Amino acid sequence: MNRGIGIAGIAGRMGRLLAEEVVAAGLPLVGGIDRAPVGAARMFPDMAALAASCDVVVDFTHASAVAGHAAALAAAGTAWVLGTTGLSADDETAVTEAARRVAVVQAPNFSPGVNLVLALAGRMAAALPGDAYDAEIVEMHHRQKVDAPSGTALGLGEAVARGRGVSLELVRESGRDGHTGPRKPNAIGFAALRGGQVVGEHTLIFAAAGEHIAVTHRAFDRRVFATGAIRAARWTEGRTPGRYSMMDVLGMTGAGA
Ligand code: NAD
């Protein structure tokens with residue numbers, strides 16, 4: 001890396017961890033942008049200034065910042081590792097536009113373990129027919145989380161649906177309550193638990209008459225997302241423009257997800 005890594009949202013929960021992990025990995029930390037300064041990191045006035053000084057910017061900010069960041073990074077020719085979630089369709093279009101000019105790695109979850117489970121989910125679903133193996137996804141997160149099911153749970157549901165060649169929207173069953181009637185064949189069910197400080201737990205279950213298969217991922221520490229994002233940042237070095245996922249970084253494309 002010639003210049004180094006910049007962090008957008010460097011004062012946030014993820015941004016502070018990222019700064020620590022970049023330094024711990026012995027990589028050059030150029031600095032960051034945020035609404036307020038943090039620690040000893042060099043602060044830049046805006047994304048254009050940060051992008052001009054970095055090889056790659058790791059971005060964990062807010063969806064409202066995404067379109068502006070996309071334009072600034074594309075203009076500077078600087079790679080982008082995008083962890084921010086909750087993007088609108090217009091934001092996604094802005095990401096696609098930027099990916100014509102620079103390498104963009106975008107993932108709703110940068111944990112290597114979750115991405116492996118996502119790859120497995122598609123392969124399992126393709127092998128286990130929906131009329132015999134009921135797919136259920138259970139997730140638990142801390143009490144502050146405002147959306148349900150989590151983006152990762154929906155990603156698991158999408159992987160199962162893709163593996164079965166169906167649209168998730170047509171088979172999704174969320175938050176059962178009251179007299180729901182029997183479970184529909186081929187449905188993909190979601191249940192969300194909330195409490196305490198749980199960083200993120202996801203279990204994918206395939207339940208048949210004679211057997212159950214369950215795959216669980218538990219994140220105990222947000223640091224796992226930070227180290228995954230830094231791995232993605234290193235991977236962008238010398239990469240041609242395009243829109244990439246964590247699966248590409250981990251060499252798991254074509255693994256059935
Ligand atoms: P946070 O609120 O603690 O931090 C966000 C930081 O971004 C704040 O310091 C805020 O001031 C700053 N910010 C917001 N808009 C900005 C802008 N326009 N310019 C510069 N700085 C700006 O939140 P967090 O927990 O660190 O999460 C940040 C984002 O990352 C969220 O969208 C969250 O869902 C996502 N996230 C993704 C993953 C993943 O693996 N992909 C993991 C954790 C969190």
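Just one of (1) under 17 Å from the mean Cα position of the chain (by Cα); (2) under 14 Å from residue 121 (Cα atoms) trips up residue 206, so point out which.
Against the list (1) under 17 Å from the mean Cα position of the chain (by Cα); (2) under 14 Å from residue 121 (Cα atoms), residue 206 comes up short only on (1).
Any idea which of (1) crowded, with 24+ Cβ neighbours inside 10 Å; (2) farther than 17 Å from residue 223 by Cα is the one residue 81 doesn't satisfy?
(2)
Residue-by-condition table, conditions (1) at pLDDT 95 or above; (2) touching a Lys or Arg at 6+ places or on another chain (Cβ under 9 Å):
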| position | (1), (2) |
| --- | --- |
| 153 | no, no |
| 157 | yes, yes |
| 163 | yes, yes |
| 178 | yes, no |
| 192 | yes, yes |
| 195 | yes, yes |
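Can you pull out every residue in the range 89-115 that is under 15 Å from residue 58 (Cβ atoms), under 16 Å from the mean Cα position of the chain (by Cα) and away from the ligand (no atom under 12 Å from the Cβ)?
95, 104
For the range 161-252, please list each of the strands (runs of 3 or more DSSP E) lying entirely inside it that holds at least 2 residues being surrounded by fewer than 15 Cβ atoms within 10 Å (Cβ to Cβ).
188-194, 212-219
Would you call residue 50 more than 14 Å from the ligand (Cβ to nearest atom), farther than 20 Å from residue 85 by Cβ and among the hydrophobic types (A, V, I, L, M, F, W, C)?
No: the conditions fail for residue 50.
Could you tell me which residue of the range 4-34 is farthest from the ligand (Cβ to nearest atom), considering only residues that are over 22 Å from the mean Cα position of the chain (by Cα) and not in a strand (DSSP E or B)?
Going through the qualifying residues, I end up with 26.
Which of the residues that make up the range 1-25 are of a type outside the set (Asp, Glu), more than 15 Å from residue 62 (Cβ to Cβ) and either touching a residue at least 40 places away in the same chain (Cβ under 8 Å) or in contact with a Pro (Cβ under 6 Å, 6 or more places away or on another chain) (or both)?
1, 2, 3, 4, 5, 6, 17, 18, 22, 25, listed by residue number.
Being over 18 Å from residue 18 (Cβ atoms), touching a residue at least 12 places away in the same chain (Cβ under 8 Å) and near the ligand (Cβ under 9 Å from one of its atoms) is the filter here; which residues of the range 64-78 pass it?
68
Can you tell me which condition residue 131 does not meet? The list is (1) within 10 Å of the ligand (Cβ to nearest atom); (2) part of a loop (DSSP other than H, G, I, E, B); (3) within 24 Å of residue 173 (Cβ to Cβ), and all the others hold.
(1)
Results for (1) crowded, with 18+ Cβ neighbours inside 10 Å; (2) modelled with pLDDT of 95 or more; (3) among the hydroxyl-bearing types (Ser, Thr, Tyr); (4) within 26 Å of residue 219 (Cα to Cα), shown as yes or no for each residue.
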position	(1), (2), (3), (4)
28	no, yes, no, no
57	yes, yes, no, yes
72	yes, yes, no, no
95	yes, yes, no, no
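Looking at (1) touching a residue at least 40 places away in the same chain (Cβ under 8 Å); (2) part of a helix (DSSP H, G or I); (3) closer than 22 Å to residue 147 by Cβ, which one does residue 120 not meet, given that it meets all the others?
With (1) touching a residue at least 40 places away in the same chain (Cβ under 8 Å); (2) part of a helix (DSSP H, G or I); (3) closer than 22 Å to residue 147 by Cβ applied to residue 120, the lone miss is (3).
The values are calculated or read from the model by the stated rules, or taken from the named source; none is laboratory data. Computed from a prediction, not measured in an experiment: that's the story for all the values here. Heads up, the Cβs are rebuilt from the backbone with ideal geometry, glycines too, and the neighbour counts pull from every protein chain shown.
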